[in-house]
Structures are given as C-alpha cells and as structure tokens.
1. Within the stretch 139-217, report the trypsin sites (Lys or Arg not before Pro) that DSSP leaves as loop and that have at most 12 other Cβ atoms within 10 Å.
2. Roll a 1.4 Å probe over the protein heavy atoms and report the accessible area of residue 141 in Å², nearest 10.
3. With a Förster radius of 45 Å, plug the Cβ-Cβ distance of residue 15 and residue 164 into 1/(1 + (r/R0)^6) and report the FRET value to the nearest 0.05.
4. Tell me whether the stretch 143-215 comes out rounded, prolate or oblate; compute the Cα gyration tensor, take square roots of the eigenvalues as a ≥ b ≥ c, and use a/c under 1.5 as the rounded threshold.
5. Which of the trypsin sites (Lys or Arg not before Pro) found in the stretch 85-122 are loop residues per DSSP with 13 or fewer other Cβ atoms within 10 Å of their Cβ?
6. Which residues does a label at residue 131 reach in the stretch 137-180, if reach means a backbone N under 15 Å from a point 7 Å past the Cα toward the Cβ?
7. What FRET efficiency comes out for the pair residue 2/residue 179, r = Cβ-Cβ distance, R0 = 51 Å, nearest 0.05?
Amino acid sequence: MFAAERRQLILEMVRANGAVSLRELARVVQTSEVTVRRDVRALEAEGLLDRRHGGAVLPGGFSREPGYPQKTHLAAAEKSAIADLAAGLVEEGDAVVVGAGTTTQELARRLARVPGLTVVTNSLLVAQALAHANRVEVVMTGGTLRGSNYALVGSGAEQSLHGLRVSKAFISGSGLTAERGLSTTNMLSASVDRALVQAATEVIVLADHTKLGADTMFQTVPTEAITHLVTDEQSTADDTTACELSALADCGVRISVAPTGLPPEPVGHGGGERHQSALSGPGAPRRVAPPPGGAPLPGQRRPGAHSGPPGQLSGRLAELGGPRVR
C-alpha cells in the first residue's frame with residue numbers, strides 16, 4: 001500500500017471513530033507502528049488530525065470529546081490492567097465514589113466482587129456493571145442524563161453529593177498534566193467530577209498513557225488534590241509521558257503502574273526510527289511501594305515481581321520518596 005493510500009485510510013478511521021490507537025491503525029493498514037506514527041505525524045502537520053501518545057484523534061482536542069463507542073476501543077487492554085490494580089485498593093465494607101468513564105466502568109466490573117461495598121456514582125455504566133452484585137449497594141446521584149458518556153450531570157447531581165463523605169474517589173478524565181492536574185472537555189462533567197472529589201478523603205485518578213500530557217478545556221482536579229495515580233506501563237515507554245509521571249511525583253502524587261502484558265510501543269524520533277526510551281534499562285522487579293511506615297495500602301494485594309525493565313523512572317520516584325513503579 002502506498003503512503004498516500006495508507007494515510008487516507010488512517011484519516012478515514014479517525015474521522016469515523018474520533019480516536020484510534022496506533023496499534024489498531026497498524027493492524028488495519030497492515031504495517032508497523034513506527035510507519036503509522038510517521039503517517040500520523042504527517043497528517044498532523046497538515047492539520048487533519050491531532051496526535052496523542054498511543055493514538056490519533058480528530059483536531060480540536062481541547063473541546064472535542066469522542067463518544068462512548070470510540071472510547072471503548074482506545075487503550076482497552078491498558079484500561080483493563082489499570083482497573084485490575086485499582087480494584088486492589090478497595091477494602092471490604094468501603095464506601096467509595098466512582099466517576100464516569102470507560103476506565104471506571106472496567107473498575108466497577110471488578111468491584112462487584114467486593115463484599116459490603118457501597119458505591120456512589122453518577123454513571124449509568126458503573127451502576128449497570130454493579131446492578132447484579134448482591135453484596136454491593138449502589139447509590140446514584142440525580143441529575144440530567146448526558147448521552148455521550150451515559151453520565152448524570154447538572155445541579156441535581158451536584159446537590160445530591162452535598163454532605164456526603166466516603167473514603168476514596170475513583171475518577172478519570174480526558175487529560176492529565178502535572179501543571180493543571182486532571183481535565184475534561186465538558187463543563188457540566190467537570191463540575192460533577194469536582195463534587196465527587198470533594199466527598200472523598202483520598203482521590204485516585206485512573207488515567208492510561210493516552211491521557212498523560214494531554215490538556216483539555218476544563219480542570220476537574222488540581223494536581224495538589226490528587227492522592228494517587230494509577231496508569232499503565234506504556235506511560236514509561238515514552239520520554240514525554242515518563243517526564244510527566246516524574247513531575248507528578250515531584251508534586252507528591254503516589255504513582256502505580258499496571259503491567260499490561262503488551263510489548264511497549266516503539267518511540268519514534270525524527271524519521272520514525274526506533275529508539276529505546278531513556279527511561280528503560282535493567283533493574284529490580286517493579287513494585288508498588290507502601291506508604292511511609294511500611295504498611296500496605298488499604299485493601300491492596302501484595303504485588304508479585306513483574307519482569308521487565310523498570311527504567312530510570314523507578315529510581316527517580318524512589319529518590320522522591322514516592323512509590324516504585326510496578
């Protein structure tokens with residue numbers, strides 16, 4: 001397939017889906033991810049799409065939000081790994097709030113196995129995932145349905161959260177940077193997310209590598225309010241996202257990196273050549289470090305050793321007194 005044909009097909013896929021991962025693009029056009037990355041870079045230079053780490057989206061990323069069907073196909077394996085790790089932070093008998101999103105939907109599917117749990121949510125998808133969990137109580141906010149992400153928003157949702165207090169909030173968004181924290185593309189969603197966060201003692205952000213370094217229109221959670229970030233190991237395979245993780249650790253955010261079992265995406269530089277990230281190298285097994293004092297995180301499973309290079313980021317976080325990368 002010629003480059004022009006490849007790029008036209010890539011553009012059609014992004015226009016049809018709103019957001020597509022590099023891995024999926026490479027599969028469809030039957031070429032390497034390095035070549036696809038080069039094509040995406042060329043299309044971005046023409047203003048036809050925007051690059052995100054691990055994928056491509058339609059232009060206007062500050063205000064445009066892909067619909068639910070598109071989101072479910074972007075970084076699906078990474079979201080599943082993040083949900084697996086995050087579920088280990090929940091204890092029997094906990095009361096938590098869970099925000100809207102495809103990653104939090106994955107988390108909810110795993111929380112269905114936690115006995116005595118109370119989940120407060122504004123997401124129909126989260127509630128549906130927990131609907132048949134006999135030992136989990138689900139409390140839904142009021143509000144107006146936002147069809148693009150099946151979430152309840154508006155003053156009704158916010159008012160129903162007043163006076164609520166829970167141990168943890170699990171929340172996702174459209175972008176995460178050390179400078180601004182978590183952000184989203186919709187004002188109503190941002191307002192409800194802020195209300196969810198205010199109800200919790202601990203704020204846990206679930207963000208895959210495609211969200212790291214992305215900055216969207218409305219801030220939901222400032223960096224200083226984020227207690228814990230759960231992300232995937234692809235975030236350590238690229239210089240930009242790895243530096244973002246280091247900056248977040250500098251701000252006091254605890255970081256856990258979930259292994260996906262997928263090969264790291266090659267990092268393209270210049271003409272698309274493959275280079276190993278400066279953040280990879282030999283070292284000890286990756287682990288999520290407990291808080292000061294040596295106690296495990298509440299409800300956390302003891303992680304086993306995970307083979308693979310932890311990279312310099314692990315050492316960097318250790319220097320900061322933060323968690324080691326798992």
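The values are calculated or read from the model by the stated rules, or taken from the named source; none is laboratory data. If you're wondering where the values come from, they're calculated on a predicted model, not measured in any experiment. Neighbour counts are summed over all protein chains in view; Cβ atoms, including those assigned to glycine, are modelled from backbone coordinates with ideal geometry. The accessibility values were calculated without ligands, DNA or RNA, using every heavy atom of the protein model including side chains. Shrake-Rupley method; radii C 1.70, N 1.55, O 1.52, S 1.80 Å.
1. 165
2. 10 Å²
3. 0.65
4. Here the stretch 143-215 falls in the oblate category.
5. Working: sites: 109, 110, 113; in loops: 113.
For trypsin sites (Lys or Arg not before Pro) across the stretch 85-122 that sit outside H, G, I, E and B with at most 13 neighbouring Cβ atoms in 10 Å, the list reads 113.
6. Residues passing the 15 Å test: 138-140, 150-151.
7. Efficiency, rounded to the nearest 0.05: 0.80.
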